[in-house]
Amino acid sequence: MKDVKYVFVTGGVTSSLGKGIIAASLAKLLQAQHFKVTIQKFDPYINVDPGTLNPYEHGECFVTEDGAETDLDLGHYERFLNVNTSQDNNVTTGRIYKSVIEKERKGDFLGKTVQVIPHITNEIKQRMLLLGQTGNYDIIITEIGGTVGDIESLPYIESVRQLVWELGKSNVVVIHLTLVPFLASSGELKTKPTQHSVKLLMESGLIADILVCRSDRPLGKEIKHKIALFGNVHPNDVIESLDVCTIYDVPMKMLEEGLNVQVLKKFHLTPTKKVDLSQWKDFLYRIKNPKKKVTIGLVGKYIELTDSYKSILESFIHAGAQLETQVDVRFIHSENVDHDSVTDLLQNLHGVLVAPGFGSRAIEGKLTAIQYIRENKIPFLGICLGMQMAVIEYSRNVSGFKKADSTEQNLETDFPIIDLMTEQKSIVTKGGTMRLGAWECELIEDSKVFKSYNAKTIKERHRHRYEINSQLAMEITDSNFRIVGVNPETDLAEVIEISEHPWFVGVQFHPEYKSTVSQPHPLFVSFIRAGIDYKQRQLVAT
Ligand code: GLN
């Protein structure tokens, strides 16, 4: 059997230090040396998956090709590595307990008391090793969610401790990410939180091999030495991670600091290739030296926490890089859009994206925004709920069905142009029951969307329960408002567009989940290009 190596990334001192980005950056460097790498995340919360979480809790729910609803860090992994993750790449405490309890009910542990150690830790270890056994990987990087010292993280830390013992030191590397804060009053960087955090890890029996230290200024030799001494590592294993202006700088910083070199040394692995990041550098150059600039509005109801729209925002960056254009995003709360405010809010934008969402809060604002965008011929991309709202707006204001609505927001509507999918009607439980993952869609050849993809059959990821009601679709579509993409098996409408408009596209699926650094999504590229053209036309007209 292949000798797979395992890297574990733990976090200390505080949350939000960017373990996911460090894990993704290390993976990028190892991938650039031709190692086959994947990343997985273990989250200590009890939800079976983040699908039932409000975006305000942990930000966006990222959907994989095989339909897993996962933590947003998986989005970073895919965007950095350009490889798909799957159901197996995100495990939660809920999933672990569910599986152990199901085994207990089946009688698998008959006669035994089922306990955190060994039953929960065995289940965790089995999941931690799974991708190493089923996939074709050289190195598996596992991010442990939460912060060391949290009660709920303990079984994970204990599982890693056991794996170090079982697999041997040369097969497991533990990276600990900490914070080295600067105290303005004393004018000093402080290492004590890091010392305590390493100690806390040791109390759980785990010794960090590498310390990655987040800081807003360079650590310097002395501080590095101090951290090494008290952290029980070699000074070369103290890696500085400075604040940077874009997350895409982090792989370059980790390369400078030699994170990949230190990891490979511990595994006794000799790379056959030098790190080749030429494509990545080109991408970085493009985002830092744009030749043009557009301002795009993002209309949604979760804008207080911009992480709710993480993949959309990253897709703008990827598309912008391809077009050498800086995409400035203006966040617009749909609650603030009404007939009095809409002109002020939208008139200076070069494109507007109406975001996905659930429930009925702030729906009227989205409809008002879309009417303005359609009438003023501003480039528009509607994603999932955003697309459904575009259909309702056209039905009401152009096709004349004043009462048109979605049954998600109004069960009593006389004209349910958006309705629950038939297979959803008998579903009562919420978790993991939406139409999820990648499905095929066939595009009509004389459409703008076909031009963007330059392909007839595409495959995109979904996360929804409602759809365009096929019984009523005929009544609102015309030569101007067309359904230009359908699922070949079910005929489900997937894409709409307006012909007499420079770029008005709505998609039932989520293109943002498939945009990566090396493959910006064609729809985002076309949308931003339409924004550039729109800006140009506005300049000529004034
Ligand atoms: N709430 C809508 C549905 O379930 C849209 C979902 C979304 O925007 N992801 O169909």
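The values are calculated or read from the model by the stated rules, or taken from the named source; none is laboratory data. The model shown is predicted, which means the values in this text are computed figures rather than measured ones. Note that each Cβ is placed from the backbone with ideal geometry, even for glycine, and that neighbours are counted across all protein chains shown.
A quick yes/no check of all residues on (1) more than 23 Å from Phe8 (Cβ to Cβ); (2) among the aromatic types (Phe, Trp, Tyr); (3) modelled with pLDDT of 95 or more; (4) over 26 Å from the mean Cα position of the chain (by Cα):
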site: Ser186; (1), (2), (3), (4): yes, no, no, yes
site: Ser204; (1), (2), (3), (4): no, no, no, yes
site: Ala208; (1), (2), (3), (4): no, no, yes, yes
site: Ile223; (1), (2), (3), (4): yes, no, yes, yes
site: Asn232; (1), (2), (3), (4): no, no, no, yes
site: Lys253; (1), (2), (3), (4): no, no, yes, no
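I'd like the full set of residues that are surrounded by fewer than 19 Cβ atoms within 10 Å (Cβ to Cβ) and at pLDDT 95 or above, limited to segment 287-310. Across segment 287-310, the qualifying residues are Lys288, Asn289, Pro290, Lys291, Lys292, Lys293, Thr295.
Residue count for segment 246-269 satisfying the condition of being assigned to a loop (DSSP other than H, G, I, E, B) and out of contact with any helix residue (DSSP H, G or I) (no Cβ under 8 Å at 6 or more places or on another chain): 1.
The number of residues in segment 230-245 that are exposed (fewer than 15 other Cβ atoms within 10 Å of the Cβ) and not in a loop (DSSP other than H, G, I, E, B) comes to 2.
Take the residues of segment 373-410 that are aliphatic (A, V, I, L, M) and within 14 Å of the ligand (Cβ to nearest atom): which is farthest from Val525 (Cα to Cα)? For segment 373-410, the residue satisfying everything is Ile392. Can you name every residue in segment 429-483 that is among the aliphatic types (A, V, I, L, M) and within 23 Å of the chain's Cα centre (by Cα)? Across segment 429-483, the qualifying residues are Met434, Leu436, Ala438, Ile458. Restricted to helices (runs of 4 or more DSSP H) entirely inside segment 23-126, those with at least 1 residues that are touching a strand residue (DSSP E or B) at 6+ places or on another chain (Cβ under 8 Å) are 73-81, 93-106.
Restricting attention to segment 434-467, and to residues there that are within 11 Å of the ligand (Cβ to nearest atom) and outside any strand (DSSP E or B), which single residue is surrounded by the most Cβ atoms within 10 Å (Cβ to Cβ)? Per the criteria, the residue is Met434.
Determine which member of the set Ile370, Ile427, Ile418 is touching a helix residue (DSSP H, G or I) at 6+ places or on another chain (Cβ under 6 Å) and within 13 Å of the ligand (Cβ to nearest atom).
Only one candidate passes the filter, namely Ile418.
Kindly indicate whether any position in segment 304-315 is in contact with a Pro (Cβ under 9 Å, 6 or more places away or on another chain), away from the ligand (no atom under 16 Å from the Cβ), more than 21 Å from His462 (Cβ to Cβ) and among the β-branched types (Val, Ile, Thr). Within segment 304-315, not a single residue is in contact with a Pro (Cβ under 9 Å, 6 or more places away or on another chain), away from the ligand (no atom under 16 Å from the Cβ), more than 21 Å from His462 (Cβ to Cβ) and among the β-branched types (Val, Ile, Thr). Taking the criterion of being over 14 Å from His176 (Cα atoms), surrounded by 14 or more Cβ atoms within 10 Å (Cβ to Cβ) and either in contact with a His (Cβ under 8 Å, 6 or more places away or on another chain) or not aliphatic (A, V, I, L, M) (or both), the residues of segment 216-229 that qualify are Lys224, Lys226. Scanning segment 65-99 for residues that are over 18 Å from Gly432 (Cβ atoms) and buried (at least 20 other Cβ atoms within 10 Å of the Cβ) yields Asp73, Gly75, His76, Tyr77, Glu78, Arg79, Phe80, Leu81.
When Asp3 is tested against (1) of a type in the set (Asp, Glu); (2) without any contact (Cβ under 8 Å) to a residue 40 or more places away in the chain; (3) outside any helix (DSSP H, G or I), exactly one condition is not met: (2).
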